[in-house]
1. The range 207-300: which trypsin sites (Lys or Arg not before Pro) are DSSP loop and have at most 11 other beta-carbon atoms within 10 angstrom?
2. Can you divide the C-alpha Rg of the chain by 2.2 N^0.38 Å and report the result to two decimal places?
3. Going through the range 312-363, which trypsin sites (Lys or Arg not before Pro) have at most 12 other Cβ atoms within 10 Å and a DSSP loop state?
4. Just grab the label-to-label distance for residue 267 and residue 192, each label 7 Å out from Cα along the Cβ direction, in nm (one decimal).
5. I'd like the chymotrypsin sites (Phe, Trp or Tyr not before Pro) in the range 58-159 restricted to DSSP loop residues with at most 16 other Cβ atoms within 10 Å, sorted by number.
6. Among the DSSP beta bridges whose two residues both lie in the chain, what percent are antiparallel, rounded to the nearest 5?
7. Find how many whole Å separate the alpha carbon centroid of the range 34-60 from the alpha carbon centroid of the range 195-239.
8. When a footprinting reagent is the concern and you count Cβ atoms within 10 Å, what order do 134, 298 take, fewest first?
Amino acid sequence: MAKKKKAAVDFRYDTGPARVPWSAVGEPVLEDDVIELVKFLLPPLAGKKRAYEAQLKRAAGEITKLRACSGTAGKLSLSKNIEALEKQAAKILRAKYALFVTNATAGFEIAHKFAGLKPGDEVIVPAITFISTMTYPLSIGAKIVLADVDPRTINIDPEDVARKITPRTKVIVPVHVGGYPADMDPIMRLARKHDIVVLEDAAHAFGGSYKGKMLGTIGHFGAYSFHEVKNITSLGEGGILATNTRFGKDFARSRFLGIDMGRQVKNWLYDVVALPSRSGYFAPPNHSTTEIQAIGLMQQIGRLKGIIAKRKKAATYLNSRFSKVPGIIPPPLGDAKIKPTYHLYLLQIDPEIVGDDAKTLKKKLSARGIVNIPHYAPLYKFSILRQLGYDTKAIEKTCPAAEEMFQRSFTHLPLYDFDSEQLKYLADAVIDSVNEMKAGK
Ligand SMILES: Cc1ncc(COP(=O)(O)O)c(C=O)c1O
């Protein structure tokens, strides 16, 4: 019963000359709230508490004065800063559409809905990734198929993907683990041949590229994470979904419950629509984001090039140290065609040469105060697949490289703006640990 077509504005805030506008029902943000945010974002340094208290008092006084001559923030959700961020992201990615959502996992959900994924359909994901890569398909009763990984990068192995495609395969999800590009050309060839949707898990990969194309824009969809541990963050949580497909036209409605301010039903202010997918219609979720998150992310995007350059420099230093040590296998660092984001450093050892495995290396590193990143275990190790009825032992047998690498040869090191002392300490700690292992200590 859709009626009139009207401009797509949010009626709640577009109250024109009303003397009691809708936005009056929301409490304004006051100076005390701002001061609390400042305290949270800029906490006192140990040993500087007195200086901090004095500066904070001064800053609070200035904020109170500022408040006396400022208006209130107005719309806090889905407004101009989010529009600006999406424009900025689309430009950087050279993508037609970018949608700012609560996190990458929400982006995956929306992409799978556009792909028309149904219970019983199959989705191929790499054996080694974060759990979120497979969560949405599992949640609707689609079947997860784990592909083995390429031992050089721990990214999805396209040859194993080819072996595991069946007539029920609807989506392939390559993951650019640690920001190093998965080999997309063979995956896209398979996708074209079998009419399969490719959703790139580009959680670590905003700003990286593969053969001239930005990571996350090579497949049909790509989703990036701006969770607090990523290279850049939208103040804790956030994600962007990108596409060049026609589905991008429905992005805004796919994020916010299908509410369509541009259409009205009789005697009401808007319409609510289901959205067309590759097969049938779907009911959109609510993955709306805040203006404050968008402001935070735009600021950080402004610093992205420098952030990636610093991480690259750190990775290059580690490679130069490790390449001199037999038994340590430095990761590929990219070249003119392959440009990673250096989110994580993939440290590998050859257990035959070192005489011991990555489990011992991890223990030795943590004893030296190096925090390795433990969460990229093969997905068949977690209880969830077994609890959902998968034969995880049988799956493990189909992923020999993932099993071998997890048990024996890889870990991740953090990579960020280390000072030269920290970086040297990190390299020394790895080399000393490996030397001890070689000596059987
Ligand atoms: C490989 C990978 N995919 C997906 C995600 C999920 O991102 P988000 O927390 O934004 O949903 C992460 C987060 O760490 C990740 O590491």
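What follows draws every value from the coordinates through simple rules; no lab data is involved. It should be emphasised that the depicted structure is a prediction, and the values quoted were computed from it without experimental measurement. Cβ placement follows ideal geometry from the backbone for every residue including glycine, while neighbour counts extend to all protein chains displayed.
1. Here the trypsin sites (Lys or Arg not before Pro) that fit, given the DSSP loop and packing criteria, are 266.
2. 1.10
3. 324, 337
4. Taking the two extended label points, one gets 5.5 nm.
5. Counting only loop positions with at most 16 other Cβ atoms within 10 Å, none of the chymotrypsin sites (Phe, Trp or Tyr not before Pro) in the range 58-159 qualifies.
6. 70
7. What the calculation gives is 35 Å, centre to centre.
8. 298, 134
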